[in-house]
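The values are calculated or read from the model by the stated rules, or taken from the named source; none is laboratory data. From a predicted model like this one, the values you see are computed outputs, not experimental measurements. Here the Cβ positions follow ideal geometry from the backbone for every residue, glycine too, while neighbour counts run over all protein chains shown. When the accessible area is computed, the model is the full protein with side chains, heavy atoms only, and any ligands, DNA or RNA have been set aside. Shrake-Rupley method; radii C 1.70, N 1.55, O 1.52, S 1.80 Å.
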Amino acid sequence: MSFKFLVSGIGYSILVIQLYSRLYCIVLAWSLFYLIFSFRDPLPWSSCSNSWNTDKCVELSSANWTAGRSENWTGNWMSVSLTKSSVSEFWERRVLSMSAGIEEVGTVSWELVLCLLVCWVACYFCIFKGVSSTGKVVYFTAVFPYVTLAILLIRGVTLPGAWQGVVYYLYPDPSRLADLQVWMEAGSQVLFSYGVASGTLITLGSYNKVKNNCYRDSLWLCVLNSSTSFAAGFAVFSALGFMAHKQGISIDLVVESGPGLAFIAFPQAVAMMPLPQLWAVCFFFMLILLGLDSVFAGLETLTASVIDLFPQQMRRPWRREIFLIFFCTLVFLIQISHTTQGGIYQFQLIDYYGTNGSCLLFVCMAQCVAASWAFGAERVCEAVRRMSGQKPCSMFRLCWRYITPLICLVCFILYFLDYQPLTSKGGSMYPDWAYRLGWAIALSTVLPVPVWAVAKICVTTGSFRQRLSLLWFPAQDPDINQMEAERKSLSDL
């Protein structure tokens, strides 16, 4: 299915987004760090008797704090200026050793470097043989989290106060529905959850047999993904309800958004449960497996793209393995900066500007336009029919051509109209150079599409109409037999 290069910039935008997304391997390192400490008794973040604790440290599960909360309460316990929870101090002072800001890089945490190295080695061995190794690994990394989620869900709903959290989860605040930021964040989460515009689904789907029923698989993927997210919400909010019940506060004061949910709220919740080590190990092991799935799927997308770009050089014995060793080593060395005292600020900067929802919305819109208008929605339906034996209903064509591109365009514009600059913990602003760097990162994810299109038009001969006709429309429909032969050659690599 060739678009004769006019929209090839979409692929390069996806590659840039995938490169920025490799930073999430540091989340695996944090999870591994917590997993190692989860075997200690008592859990190190449950008390204030550790070397990294300060005089402001309080144990939120202690009777003294619970008795005095009504007198000393000044706001969210994550950001109280007079006191700091033991779990917050473990996260900020033991795991991250946070500096005052992004301009203060500080020293490297060699414990985190070692955890990061282990995570990258694991990612390499998950995909170094291509789909033959990935397919075997994913049976465990994709299935076992469901077992862990079921265990945490059953445990969560049996905790005191869990119903309070479930009610908070199922009954939204109507006043927040008028908040534009809520809808933007929800849209971003849907894009991330389904892997839209990331290239991962396209890459992994290309290893299927040509006659595979992709129509059926797509529908089941949506059902399974949404059902999993819905069920996970019960596990999360039952734990938050338990925390609110134990501390005697409302749920909206329990946790802030961001990494705090995984590395502050849940560690605090398990510290309040019986057998806390068991639940901590289950949770962080599940987090590592989920992260591994995301990281090595993105790595497979990058690797497959490089192989397609340089087939003569890469489709030779051991070229894939050598490339992966080089790439993983390079990214690991770059990510050592994220293990410094200022590393969390670097992480937040790239996460906020490089892999945010607006970038994915733009790429998603461009993909819809390319597939439904350049290649043609009818051609897409016919290709699906030839492969699966089922032709998508007219609603799909309507979504591809009009509804989805329009929604993506509107949301993309609203992102800029409702733009709020990134702030660090406590609402502190980043330095001006950090914002300029952030915007440069954001532009690097969307500019390949228009820049590539303009460049191809400029270098192509003929009138403007002839150039568009030559570069926009595909030369011919895909040949099923040729596609199957190419799939087999890729699978043999």
(Q) Need the failing condition index for C359 against (1) surrounded by 22 or more Cβ atoms within 10 Å (Cβ to Cβ); (2) free of Cβ contacts under 8 Å to residues at least 60 places away in the same chain, just the number. (A) (2)
(Q) Please verify whether P392 is buried (at least 16 other Cβ atoms within 10 Å of the Cβ), in contact with a Phe, Trp or Tyr (Cβ under 8 Å, 6 or more places away or on another chain) and part of a loop (DSSP other than H, G, I, E, B), treating the condition exactly as stated. (A) yes
Q. Checking C408 against (1) assigned to a helix (DSSP H, G or I); (2) open to solvent by 40 Å² or more (accessible area, probe 1.4 Å), which test does it fail?
A. (2)
Q | Output for region 187-198, where each listed residue is crowded, with 16+ Cβ neighbours inside 10 Å and polar (S, T, N, Q) | A | S188, S198
Q.
Given the criterion at pLDDT 85 or above, part of a helix (DSSP H, G or I), farther than 30 Å from R315 by Cα and open to solvent by less than 80 Å² (accessible area, probe 1.4 Å), identify the matching residue among A453, A434.
A. A434
Q: Sort out which residues of region 1-58 are under 26 Å from I288 (Cβ atoms) and part of a loop (DSSP other than H, G, I, E, B), and write them in order of number.
A: S38, F39, R40, D41, P42, L43, S47, N50, W52
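Here's the yes/no breakdown for (1) at pLDDT below 85; (2) in a helix (DSSP H, G or I); (3) among the charged types (D, E, K, R):
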site: E104; (1), (2), (3): no, no, yes
site: W120; (1), (2), (3): no, yes, no
site: C123; (1), (2), (3): no, yes, no
site: L152; (1), (2), (3): no, yes, no
site: R155; (1), (2), (3): no, yes, yes
site: G187; (1), (2), (3): yes, yes, no
site: S193; (1), (2), (3): yes, yes, no
Q.
Can you go through D217, D293, D252 and tell me which one is acidic (D, E) and over 23 Å from the mean Cα position of the chain (by Cα)?
A. D252
Q) Only one of L170, L201 is in contact with a Phe, Trp or Tyr (Cβ under 9 Å, 6 or more places away or on another chain), more than 24 Å from C368 (Cα to Cα) and open to solvent by 70 Å² or more (accessible area, probe 1.4 Å); which? A) L170
